[in-house]
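Colleague: There's a structure below that I have some questions on.
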Amino acid sequence: MAMTMTQKILAAHAGLDEVKAGQLIMANLDFVLGNDITSPVAINEFHKAEFTEVFDKDKVTMVMDHFAPNKDIKAATQCKQCRDFCHEHKITHFYDVGKMGVEHALLPEKGLVAPGECIIGADSHTCTYGALGAFSTGVGSTDMCAGMAKGKAWFKVPSAIKFNITGSLPKYSSAKDVILHIIGMIGVDGALYRSMEFSGSGLKNLTMEDRLCISNMAIEAGAKNGIFAVDEVTLEYVKGRVDREFKIFEADADAEYDEIYNIDLSQIKPTVSFPHLPENAKTFDEFGDIKIDQSVIGSCTNGRIEDIRAAAEILKGRKVADGVRCIVIPATQAVYLQAMEEGLLKIFIDAGCVVSTPTCGPCLGGFMGILAKGERSVSTTNRNFVGRMGHPESEVYLASPYVAAASAVTGKISQPSELE
């Protein structure tokens, strides 16, 4: 039977020759992820179930990224519980202050996820790793508990939507604009419990950072996972990072897809998702001036070095507008260090930005950029639900690093071409 990329990976990990959409399977896991918010719940369930050991200390990770450095006593307590558990079970990949980064930027950077693998994480944006040609998906903390203990998880095999990518992106258009365009086109439930599979001649024009951004937001279309075909870009990225053998899975030529969409990158314009859903995507010819109070550049969606460079390109020699707070958050320590060595941090500070240690922080209304009643933020994060970044009567507009940086300069949501 013909299968998609995702179906082939799941079949292999379930020890089956083939699977079909809707089938329930138990699959072996290559990696299990938790963070400082979701791991404590999993740890509590682990103890309640009287498990005594993890299935593989090298295949479980906990990343302290949401409220770290700890913002309050509760956050400190949660992180301590994770530290104690990882110490007790000799977890190889535990990432705390000084070593941690935003989890979905950190794991690919460290070579902890690879093509063809099956990965779960107690965080909805675990779908990010599909950029590498892996099956990765978010789960609840109880599933994380079972995964840590047994190295297995139940799945219902998803059907798929195919996105045929052609062309290349114009100046100042980015991968963020691509995924906002797609979500605006199909809606926040347009891929509900389905695999979003990306292939086509245009993939060669998307960097790994681009692919990580697009896969990251597959969940915002309701998808079970997002996954890219493995090519030379993928193999170049994992070279020197991944130190183990991996298998590449390709969709069959006659694989079945629920829908097929053709996406011409050359036609993608700078796009902004308006409150309070990512599907409320608009291009600049569809709205007028919208004043902002804050600009956030970072997150698991857009905190990688390419994103930081894009923001610096716009902010160099310019100043953040009076009355606007611009917060730049490199996603990992390595990104922070590289940005420093390239002189990008100086550009940000000279422009009047603040540069934060790696953290999820403002994305989920945690800290480092909470909005008050009536305030507006343009942000490179992935969600703009009611109250997502603070007060329920605040507003979040999702955009690319280019747009977020330009908006910080003008004090209103702007595209970089307005500064030329």
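The values are calculated or read from the model by the stated rules, or taken from the named source; none is laboratory data. In this text, all values refer to a predicted model and were calculated from it rather than measured experimentally. Here the Cβ is made from the backbone with ideal geometry for all residues, glycine too, and neighbour counts use every protein chain on show. Accessible surface areas use protein heavy atoms only, side chains included; no ligands, DNA or RNA. Shrake-Rupley method; radii C 1.70, N 1.55, O 1.52, S 1.80 Å.
Colleague: Which one is modelled with the lowest pLDDT, of the residues in region 372-382 that are out of contact with any Cys (no Cβ under 6 Å at 6 or more places or on another chain) and surrounded by 24 or more Cβ atoms within 10 Å (Cβ to Cβ)? Reasoning before the result, please.
Modeller: Here is the first cut: in region 372-382, the ones out of contact with any Cys (no Cβ under 6 Å at 6 or more places or on another chain) are 372-380, 382.
Cutting the leftovers down to surrounded by 24 or more Cβ atoms within 10 Å (Cβ to Cβ) gives us 377-380, 382.
Numbers: S377: 97, V378: 98, S379: 97, T380: 97, N382: 94.
So the residue we want is N382.
Colleague: Right, here's the next one. What strands (runs of 3 or more DSSP E), lying completely within region 49-134, carry at least 3 residues that are buried (at least 24 other Cβ atoms within 10 Å of the Cβ)? Let's see the steps before the verdict.
Modeller: Numbers: elements: 60-63, 93-95, 118-121.
Because the criterion is at least 3 residues that are buried (at least 24 other Cβ atoms within 10 Å of the Cβ), the strands (runs of 3 or more DSSP E) in region 49-134 that meet it are 60-63, 118-121.
Colleague: Need pairs with beta-carbon distance below 6 Å; first residue open to solvent by 10 Å² or more (accessible area, probe 1.4 Å) and within region 284-313, second of a type in the set (G, A, S); sequence gap 6+ or separate chains.
Modeller: Listed by first residue and then by second, the contacts come to C300/A105; R304/A105; R304/A331.
Colleague: For region 362-387, which positions are touching a strand residue (DSSP E or B) at 6+ places or on another chain (Cβ under 8 Å) and in a helix (DSSP H, G or I)?
Modeller: P362, C363
Colleague: In region 209-226, is there at least one residue being open to solvent by 30 Å² or more (accessible area, probe 1.4 Å), within 30 Å of D30 (Cα to Cα), without any contact (Cβ under 8 Å) to a residue 40 or more places away in the chain and part of a loop (DSSP other than H, G, I, E, B)?
Modeller: Looking only at region 209-226, we keep the residues that are open to solvent by 30 Å² or more (accessible area, probe 1.4 Å), and these are 209, 219, 224.
Then keep just the ones that are within 30 Å of D30 (Cα to Cα); that gives 209, 219, 224.
In the following step, the residues that additionally are without any contact (Cβ under 8 Å) to a residue 40 or more places away in the chain were identified as none.
Checking region 209-226: not a single residue is open to solvent by 30 Å² or more (accessible area, probe 1.4 Å), within 30 Å of D30 (Cα to Cα), without any contact (Cβ under 8 Å) to a residue 40 or more places away in the chain and part of a loop (DSSP other than H, G, I, E, B).
Colleague: Could you check, for region 326-339, whether at least one of its residues is assigned to a helix (DSSP H, G or I), among the hydroxyl-bearing types (S, T, Y) and either open to solvent by 10 Å² or more (accessible area, probe 1.4 Å) or free of Cβ contacts under 8 Å to residues at least 60 places away in the same chain (or both)? Give the steps one after another, and end with the answer.
Modeller: Keep residues of region 326-339 that are assigned to a helix (DSSP H, G or I), which gives 333-339.
From what's left, among the hydroxyl-bearing types (S, T, Y): 336.
If we keep only those that are either open to solvent by 10 Å² or more (accessible area, probe 1.4 Å) or free of Cβ contacts under 8 Å to residues at least 60 places away in the same chain (or both) too, we end up with 336.
Checking region 326-339: at least one residue is assigned to a helix (DSSP H, G or I), among the hydroxyl-bearing types (S, T, Y) and either open to solvent by 10 Å² or more (accessible area, probe 1.4 Å) or free of Cβ contacts under 8 Å to residues at least 60 places away in the same chain (or both).
Colleague: Further, regarding this structure: Given the conditions (1) crowded, with 20+ Cβ neighbours inside 10 Å; (2) farther than 21 Å from N302 by Cα, report the number of the one that E197 does not fulfil.
Modeller: (2)
Colleague: OK, next. Being of a type outside the set (K, R) and touching a residue at least 12 places away in the same chain (Cβ under 8 Å) is the filter here; which residues of region 71-90 pass it?
Modeller: Looking only at region 71-90, we keep the residues that are of a type outside the set (K, R), and these are 72-73, 75-79, 81-82, 84-89.
Across region 71-90, the qualifying residues are A75, Q78, C79, Q81, C82, F85, C86, H89.
Colleague: While we're looking at this one, here's another question. What single numbered condition from (1) more than 16 Å from the chain's Cα centre (by Cα); (2) modelled with pLDDT of 95 or more fails to hold for G190?
Modeller: The number of the failed condition is (2).
Per-residue answers, yes or no, for (1) open to solvent by less than 100 Å² (accessible area, probe 1.4 Å); (2) more than 23 Å from the chain's Cα centre (by Cα); (3) under 18 Å from T128 (Cβ atoms):
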position: V230; (1), (2), (3): yes, no, yes
position: T234; (1), (2), (3): yes, no, yes
position: V238; (1), (2), (3): yes, no, yes
position: E245; (1), (2), (3): no, yes, no
position: Y257; (1), (2), (3): yes, yes, no
position: L265; (1), (2), (3): yes, no, no
position: T271; (1), (2), (3): yes, no, no
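Colleague: On to the next question. I need a count of the residues in region 388-413 that are outside any helix (DSSP H, G or I) and either surrounded by fewer than 24 Cβ atoms within 10 Å (Cβ to Cβ) or without any contact (Cβ under 8 Å) to a residue 24 or more places away in the chain (or both).
Modeller: Residues of region 388-413 outside any helix (DSSP H, G or I): 388-400, 411-413.
Okay, now just the ones that are also either surrounded by fewer than 24 Cβ atoms within 10 Å (Cβ to Cβ) or without any contact (Cβ under 8 Å) to a residue 24 or more places away in the chain (or both), so 388, 390-395, 397, 411-412.
The qualifying residues number 10.
Colleague: Of all residues in region 57-104 being in contact with a strand residue (DSSP E or B) (Cβ under 9 Å, 6 or more places away or on another chain) and polar (S, T, N, Q), which is farthest from T126 (Cα to Cα)?
Modeller: T92
Colleague: Moving to a separate point now. Kindly list, by first and then second residue, each pair from a residue in region 25-52 that is under 23 Å from A14 (Cα atoms) to a residue that is open to solvent by less than 10 Å² (accessible area, probe 1.4 Å) and of a type in the set (S, T, N, Q), limited to pairs with Cβ atoms under 8 Å and residues at least 6 apart or on different chains.
Modeller: Matching pairs, first to second residue: F31/T61; V32/T61; L33/T61; L33/T126; G34/T61.
Colleague: Criterion first (closer than 23 Å to E53 by Cα and touching a residue at least 12 places away in the same chain (Cβ under 8 Å)) does G151 satisfy it? Give the derivation first.
Modeller: Values: closer than 23 Å to E53 by Cα: yes; touching a residue at least 12 places away in the same chain (Cβ under 8 Å): yes.
Against the criterion (closer than 23 Å to E53 by Cα and touching a residue at least 12 places away in the same chain (Cβ under 8 Å)), G151 qualifies.
Colleague: Looking at (1) under 18 Å from the mean Cα position of the chain (by Cα); (2) modelled with pLDDT under 95; (3) acidic (D, E), can you tell me which one E220 breaks?
Modeller: Condition (2) is where E220 drops out.
Colleague: Please enumerate the residues belonging to region 1-16 that are at pLDDT 95 or above and part of a loop (DSSP other than H, G, I, E, B). Working first, answer last.
Modeller: If we filter region 1-16 for residues that are at pLDDT 95 or above, which is where we start, we get 3-16.
Selection gives M3, T4, G15, L16.
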